[in-house]
Amino acid sequence: MQVLDDSSIVQQVARRVEAFHEVDTTGHDWWHIWRVWNLARHIAQRESAIMLQVELAALLHDMDDHKLAQSDGENLPNARNVLHDCNVDNRLIESVVQIIKQVSFKGAGVDTTPTSAEACVVQDADRLDAIGAIGIARAFAYGGSKHRELYNPNEEPIMHGTFAEYKSSKGNTLNHFYEKLLLLKERLNTQSARELADGRHRYMEGFVEQFLGEWNLEDKP
Ligand code: ADP
Ligand code: NI
């Protein structure tokens, strides 16, 4: 069996992940993975986290996501297969799987505080790509792909108390800002992510205010 060094493993995994996410119109395309990978490396360099675990988890974090994959979110078969095919040893596979399981948002009222430094980093990286200008673009891309309305003034945002409620919700995309995106800044785990989040959060607040102003014809000069 060929034994690869850390950077060759990461490159090999990255090529497989790129092929897997090639066709996606839900805001979870390869470039989302690429940005999360970059953000995770940036944060991990400033926190004490094991870089190889962080990079692999960042690359593989959406392969078994409930929003996309016809996959078992508990066992993560797609991520496991890639790691196995790249000859990653079982201990490292288990560490990476444990990180990925802690990444996702599961509803406003559900505690998703990670239990390892590595999971803190990857969760923050994924959440930074859900906010700011890119976060806005991704939210509406996702909403469009699921046939959701941009906004509906007759619907109130829902603070989901369980993952099951959150997963089955079909609300309009503007409500998603109150249900998730505007909550993320306060829930970040690391100082380096909080620094990047500030500007992104303010940009999103401005967007929501402008959107509602236009909707209600309150934006006249
Ligand atoms: P997570 O695993 O935390 O959900 P992802 O990397 O899968 O993170 O990205 C989730 C992104 O998908 C959100 O940031 C948002 O842009 C989009 N999304 C998810 N649910 C909705 C929704 N109900 N309405 C609009 N966008 C959504
Ligand atoms: Ni993601």
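Checked against (1) open to solvent by less than 40 Å² (accessible area, probe 1.4 Å); (2) in a helix (DSSP H, G or I); (3) closer than 17 Å to Asn38 by Cα, Ile134 meets all criteria but (1).
One line per residue, one yes/no per condition, for (1) modelled with pLDDT of 95 or more; (2) within 12 Å of ligand 1 (Cβ to nearest atom); (3) surrounded by fewer than 17 Cβ atoms within 10 Å (Cβ to Cβ); (4) at positive phi:
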| position | (1), (2), (3), (4) |
| --- | --- |
| Leu56 | yes, no, no, no |
| Asp72 | no, no, yes, no |
| Asn75 | no, no, yes, no |
| Asp89 | yes, no, yes, no |
| Glu94 | yes, no, yes, no |
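Scanning the stretch 13-24 for residues that are within 15 Å of ligand 2 (Cβ to nearest atom) and in a loop (DSSP other than H, G, I, E, B), we see that the one that is modelled with the highest pLDDT is His21.
Could you tell me which of the residues Trp31, Trp37 is in a helix (DSSP H, G or I) and surrounded by fewer than 19 Cβ atoms within 10 Å (Cβ to Cβ)? Explain how you work it out, then say what you get.
Working: Trp37 fails: surrounded by fewer than 19 Cβ atoms within 10 Å (Cβ to Cβ).
Trp31 is the lone residue from the list that is in a helix (DSSP H, G or I) and surrounded by fewer than 19 Cβ atoms within 10 Å (Cβ to Cβ).
Any chance you could count how many residues in the stretch 98-123 are open to solvent by less than 20 Å² (accessible area, probe 1.4 Å) and either among the aromatic types (Phe, Trp, Tyr) or within 16 Å of ligand 2 (Cβ to nearest atom) (or both)? Counting residues in the stretch 98-123 that are open to solvent by less than 20 Å² (accessible area, probe 1.4 Å) and either among the aromatic types (Phe, Trp, Tyr) or within 16 Å of ligand 2 (Cβ to nearest atom) (or both) gives 9. Of all residues in the stretch 40-49, those being crowded, with 17+ Cβ neighbours inside 10 Å and in a loop (DSSP other than H, G, I, E, B) number 2.
Suppose the filter is part of a helix (DSSP H, G or I), surrounded by fewer than 17 Cβ atoms within 10 Å (Cβ to Cβ), among the acidic types (Asp, Glu) and over 16 Å from the mean Cα position of the chain (by Cα); does Glu218 pass it? Spelling it out, it is not the case that Glu218 is part of a helix (DSSP H, G or I), surrounded by fewer than 17 Cβ atoms within 10 Å (Cβ to Cβ), among the acidic types (Asp, Glu) and over 16 Å from the mean Cα position of the chain (by Cα).
Within the stretch 164-190, work out how many residues are away from ligand 2 (no atom under 16 Å from the Cβ) and either open to solvent by less than 30 Å² (accessible area, probe 1.4 Å) or closer than 13 Å to Val110 by Cβ (or both). Walk me through how you get there before you give the answer.
Pass one, the stretch 164-190, residues away from ligand 2 (no atom under 16 Å from the Cβ): 164-165, 168-175, 177-179, 182-183, 185-186, 190.
Those still in the list that are either open to solvent by less than 30 Å² (accessible area, probe 1.4 Å) or closer than 13 Å to Val110 by Cβ (or both) too: 164-165, 169, 171-175, 177, 179, 183, 190.
Total meeting the criteria: 12.
Can you go through Gln102, Gln98 and tell me which one is within 16 Å of ligand 1 (Cβ to nearest atom), closer than 30 Å to Ile136 by Cβ and not β-branched (Val, Ile, Thr)? Let's see the steps before the verdict.
Values: Gln98 fails: closer than 30 Å to Ile136 by Cβ.
It is Gln102.
The values are calculated or read from the model by the stated rules, or taken from the named source; none is laboratory data. Please read all numbers here as calculations on a predicted model, not as lab measurements. Heads up, the Cβs are rebuilt from the backbone with ideal geometry, glycines too, and the neighbour counts pull from every protein chain shown. In case anyone asks, the SASA skips ligands and DNA or RNA and just uses the protein heavy atoms, side chains included. Shrake-Rupley method; radii C 1.70, N 1.55, O 1.52, S 1.80 Å.
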